[in-house]
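Just so it is clear, none of the values below were taken in a lab; they were calculated from the coordinates. Since the model is a prediction, treat every value here as computed from it, not as a measurement. Note that we place each Cβ from the backbone using ideal geometry, even for glycine, and neighbour counts take in every protein chain shown.
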Amino acid sequence: MSKPVVLFVPTKILLETPQSEWLETLGEKFVILTSAGGRDALGKHLPNMVDRMEFFDNFNDNPAVELRALDVATDLETDLVIALAEVDLLRAARVRDRLNFSTTKHEQNTQYFRDKFLMKQRLAEHGIKIHPMRTFQSALELKDFVDTHGYPVVAKPRDGRGSGGVCVLRDHADFLGYISTMDATTFQNLMVEKFVEAPMLHVNGLYVDGEAVFITPVRANIGCLAFLDGESLGVAMLDRDSELRKEAVQLTKRILEEALPSPRNFLFYLELFVVDGELVVCEIASRLGGNGVNQEVIEAFGINPRLEFIKAERGFSALRGVTLEPKALVGYIAVPPREGVLIDFPDSPQHDFIRSYNITGQRGKKYEKMKLTNGEVVCAVVEGATEAHVASRLNEFDAWVATNFVWQQ
């Protein structure tokens, strides 16, 4: 009999999957910890599960959540505490270590997927290419890096998420503007890297029992910072016979199987720059990418990766020893909000190449510029014959949204 599950999960992820599939995946005994802001929506979408949910105000930053998780898991006599979002990875790991009386190293190992400096330091030690970087605790240490490497540079929190707190400094004016936002002369938890404008690949995948079930590289049309600035983020799967795809898969396996302390079962999301034909690591996380990635994988591979990860953790995976290849070439596009009120939008798309159309925007709601890269108002998965074909259809859909979603300033 499988252990009960304690699941940290944001509302948005819960709403992406039907109730019947959640119930089949989680089994008879489970408790879900999530945000109080999603109570009404979850009550409608998952009516037979809501009595096994615990809701928290300020869920992402509430330190009481992990205390409650420890109590719940202890009462259920389980150490199967699972996180699906970046913000929850470390607190779930801390709970698991305590349930195992500190005989495990979940928190220590998870740090390599949350602390970007430790992560890249480890990768560099294994000969994997990264951009020059350092931590900094003062304006002078940041200046030292700029003096050595020149502009542009990118300053960021070591454990940031959703591109929050990331700032590109292109000249001395940007430098002065950045340090003017600090509220102390000694800085905490910050790092700086050489910034290079280059195309980016996103790589998502699932490992079960230490073996890759799927690894899928896609090419992004823009970077995450441009997405925050209001441009639509589109990604298209690389052509199956592409040399770049083969190189990305090989590098991914090297990172996960040789360099980092990867769990036996895990999801991952890797960002790679393509600099003069060479792959350079941006960062990696031990969770699936956001926006339309989960649905993209469903359409391409025929599995729900988040649910399959939970099944693997419960010991019921049908994918042990299985390697999946895509059944379709797809991509997704996530369209950010404009600044203003979303008045109206079509409830269904007009294009026959759209495999999935998910609206998260709300009529009558006033929107501001996104602060994190998970605030899109609509996301669609499209199919095509080649990467270029998919990319063209993503652009076509983006233009359709721009015309048919009605905004008021």
Problem set entry | Cα-only Debye scattering, segment 51-175: base-10 log of I(q)/I(0) at q = 0.19 Å⁻¹ | -1.07
Exercise. Along segment 54-67, what does the Karplus equation 6.51 cos²θ - 1.76 cosθ + 1.60 (θ = phi - 60°) give for ³J(HN,Hα), rounded to whole Hz, x for Gly and Pro?
Worked result: 10, 10, 10, 5, 6, 3, 4, 10, 8, x, 6, 4, 5, 5
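Which of the chymotrypsin sites (Phe, Trp or Tyr not before Pro) across segment 123-191 are loop residues per DSSP, with 15 or fewer other Cβ within 10 Å?
Loop-located and lightly packed - none at all.
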For this session: Rounded to whole Å and ordered largest first, report the semi-axes of the equivalent ellipsoid of segment 307-384 derived from its Cα gyration tensor (root of 5λ).
Result: 33, 18, 11
Exercise. Going out from 0 in 5 Å bins, what whole percent of all Cα-Cα distances in segment 5-114 drops into each bin?
Worked result: 2, 12, 24, 24, 20, 12, 5, 1, 0
For this session: Run the numbers on segment 178-240 and let me know its relative contact order in percent, using alpha-carbon pairs under 8 Å that are six or more apart.
Result: 23
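Which of rounded, prolate or oblate describes segment 97-232 when judged by the alpha-carbon gyration tensor and an a/c cut-off of 1.5?
oblate
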For this session: Sort largest first and round to whole Å: the equivalent ellipsoid semi-axes of the chain, each the square root of five times a Cα gyration tensor eigenvalue.
Result: 30, 28, 24
Seminar exercise, completed: For segment 5-114 the mean separation of alpha carbon contacts under 8 Å (6+ apart) over residue count, i.e. relative contact order in percent, is 28
Exercise. Which whole-Hz couplings ³J(HN,Hα) result when phi for each residue of segment 259-266 is put into the Karplus expression 6.51 cos²θ - 1.76 cosθ + 1.60, θ = phi - 60°, listed in order with x for Gly and Pro?
Worked result: 8, 9, x, 6, x, 5, 10, 6
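Do you know the Lys pair count in segment 200-408 for C-alpha distances under 25 Å, with sequence separation 8 or more or different chains?
Working: LYS246/LYS327; LYS253/LYS311; LYS253/LYS327; LYS311/LYS327.
Within segment 200-408, the lysine pair count is 4.
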Exercise. Beyond 21 Å, what percent of the Cα pairs of segment 200-408 remain?
Worked result: 54
Exercise. Tell me, how many Å apart are the Cα centres for segment 66-140 and for segment 148-183?
Worked result: 24
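Could you give the Stokes-Einstein D for segment 217-337 in µm² per second, using the C-alpha Kirkwood radius, 10 °C, 1.306 mPa s?
It diffuses with D of about 101 µm²/s by this estimate.
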Problem set entry | Percentage, to the nearest whole number, of Cα pairs in segment 203-252 over 13 Å apart | 63
For this session: Could you check which residue among GLY37, GLY230, GLY277 shows the biggest mean-square fluctuation in a GNM of the chain with a 10 Å Cα cutoff?
Result: GLY277
Exercise. Once you have the alpha carbon radius of gyration of segment 149-205, what is it after dividing by 2.2 N^0.38 Å, with N set to its residue count?
Worked result: 1.27
Exercise. Based on DSSP H runs of at least 4 residues, each adding -39500 (n - 2.57), what is the mean residue ellipticity at 222 nm of the chain after dividing by all its residues, to the nearest 500 deg cm²/dmol?
Worked result: -9500 deg cm²/dmol
Exercise. Taking the Cα centre of each part, how many Å lie between segment 279-319 and segment 328-380?
Worked result: 22
Exercise. Where the only charges are on Cβ atoms (+1 Lys, Arg; -1 Asp, Glu), what is the dipole of the chain about its Cα centre, to the nearest 20 debye?
Worked result: 520
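What do you get for chymotrypsin sites (Phe, Trp or Tyr not before Pro) in segment 56-123 restricted to DSSP loop and a cutoff of at most 10 other Cβ within 10 Å of the site's Cβ?
Counting only loop positions with at most 10 other Cβ atoms within 10 Å, the chymotrypsin sites (Phe, Trp or Tyr not before Pro) in segment 56-123 are PHE101.
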Exercise. ³J(HN,Hα) across segment 131-148 via Karplus (A = 6.51, B = -1.76, C = 1.60, θ = phi - 60°), whole Hz, x for Gly/Pro?
Worked result: 7, x, 7, 6, 7, 8, 10, 7, 4, 5, 5, 5, 4, 4, 5, 4, 4, 7
Seminar exercise, completed: Per 10 angstrom bin, beginning at 0 and ending with the bin that holds the maximum distance, the Cα pairs of segment 362-409 fall in percents of 20, 43, 29, 8
Exercise. So which lysines pass the test for LYS194, namely a Cα distance under 21 Å, with those fewer than 8 places away in the same chain ruled out?
Worked result: LYS116, LYS120, LYS129, LYS143, LYS156
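Using DSSP to call loops (not H, G, I, E or B), can you name the GluC sites (Glu not before Pro) in segment 40-128 whose Cβ has at most 16 other Cβ atoms within 10 angstrom?
Loop-located and lightly packed - GLU77.
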